[in-house]
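Below is one structure; the comments refer to it alone.
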Amino acid sequence: MKNIARIMSAAVVASAALATAACGSDAAPAPAPAPETGVTVREVIPSGAARFTVTSPDIGADNTFGPDNFAAAFGCTAANKVPTIRWSGAPAAAKSFAITMFDADAPTGSGFWHWMTWDIASGAAEFKPGDAAVQGTNDAGATGYLGPCPPAGDRAHTYRITVLALDTAQLGTPASTSPAAASFSMSGHIIGAGQLTATAQRP
């Protein structure tokens, strides 16, 4: 019993010493929590998907949109013309194509989907205004293409235009489907992809 009492007494003394050291002026401060590093958006294109080339005659050599391709909303008064998109080297097994346009620089915390279109014919190597396809819903809640129109004075925004080669002729997704849900529907059918980036800025 005496041994147990001595052990307990020593433990109490040691705990008191630790507490005193922790509260003293020489004590090291508790480590600060690590700062948030942001959230990385998951890539929807499988790592094993074929890659091919995407170009557009409406996007200049300096990778900027033509003036007619800007929106007719959010303070912009342009023509909101759908850019012609061309691709080459897509997998022969593709049964249809889809095109998306995403602005990761939009001040929303989640980016902004400007364009979602799918069920483009398998033999196509180009998409231009008026071509047959399902025109999906953009993040403004309207169907079809919504051109760039970043906030005035904001930094240049980068728009990622993606052509997806799909293993299905029809996605079976209504045009009213939200961009996130439509992208999810496409994700299980992607066998190839090509991307083109363009920038836009307003003074």
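The values are calculated or read from the model by the stated rules, or taken from the named source; none is laboratory data. Bear in mind the structure is a predicted one, so any value in this text is a computation, not a measurement. A quick note on method: Cβ atoms are made from the backbone with ideal geometry, for glycine too, and the neighbour counts reach across all protein chains shown. The area values use the complete protein model at the heavy-atom level, side chains included, leaving out ligands, DNA and RNA. Shrake-Rupley method; radii C 1.70, N 1.55, O 1.52, S 1.80 Å.
Given the criterion out of contact with any Asp or Glu (no Cβ under 7 Å at 6 or more places or on another chain), under 17 Å from E43 (Cα atoms) and open to solvent by 50 Å² or more (accessible area, probe 1.4 Å), identify the matching residue among T143, T158, T162, T197.
On the way: T143 fails: under 17 Å from E43 (Cα atoms); T158 fails: out of contact with any Asp or Glu (no Cβ under 7 Å at 6 or more places or on another chain); T162 fails: open to solvent by 50 Å² or more (accessible area, probe 1.4 Å).
Only one candidate passes the filter, namely T197.
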**Request:** Determine if segment 63-79 includes at least one residue that is under 24 Å from G192 (Cα atoms), of a type outside the set (G, A, S), crowded, with 18+ Cβ neighbours inside 10 Å and in contact (Cβ under 8 Å) with a residue 40 or more places away in the chain.
**Result:** no
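Kindly check whether there is at least one residue in segment 86-96 that is under 20 Å from L196 (Cα atoms), open to solvent by 70 Å² or more (accessible area, probe 1.4 Å) and either in contact with a strand residue (DSSP E or B) (Cβ under 8 Å, 6 or more places away or on another chain) or not in a loop (DSSP other than H, G, I, E, B) (or both). If you could, list the steps in order and put the result at the bottom.
If we filter segment 86-96 for residues that are under 20 Å from L196 (Cα atoms), which is where we start, we get 86-91, 94, 96.
Among the residues that remain, those that are also open to solvent by 70 Å² or more (accessible area, probe 1.4 Å) are: 86.
Filter once more, so that each one left must be either in contact with a strand residue (DSSP E or B) (Cβ under 8 Å, 6 or more places away or on another chain) or not in a loop (DSSP other than H, G, I, E, B) (or both): 86.
Yes, segment 86-96 has at least one match.
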**Message:** Can you find, within segment 64-91, the residue that is nearest to the chain's Cα centre (by Cα) among those that are farther than 15 Å from V54 by Cα and among the charged types (D, E, K, R)?
**Reply:** K81
**Complete:** Within segment 179-203, the residues that are in a strand (DSSP E or B) and either touching a Phe, Trp or Tyr at 6+ places or on another chain (Cβ under 8 Å) or among the hydroxyl-bearing types (S, T, Y) (or both) are G192, A193, G194, T197, A198, T199, A200
**Asked** What do you reckon, is A200 within 25 Å of T64 (Cβ to Cβ), without any contact (Cβ under 8 Å) to a residue 12 or more places away in the chain and not charged (D, E, K, R)?
**Response** no
**Request:** Six or more apart or on different chains, Cβ under 6 Å: which pairs go from a residue in segment 122-150 that's touching a residue at least 40 places away in the same chain (Cβ under 8 Å) and outside any loop (DSSP other than H, G, I, E, B) to one that's open to solvent by 50 Å² or more (accessible area, probe 1.4 Å) and charged (D, E, K, R)? Could you list them?
**Result:** E126/R86
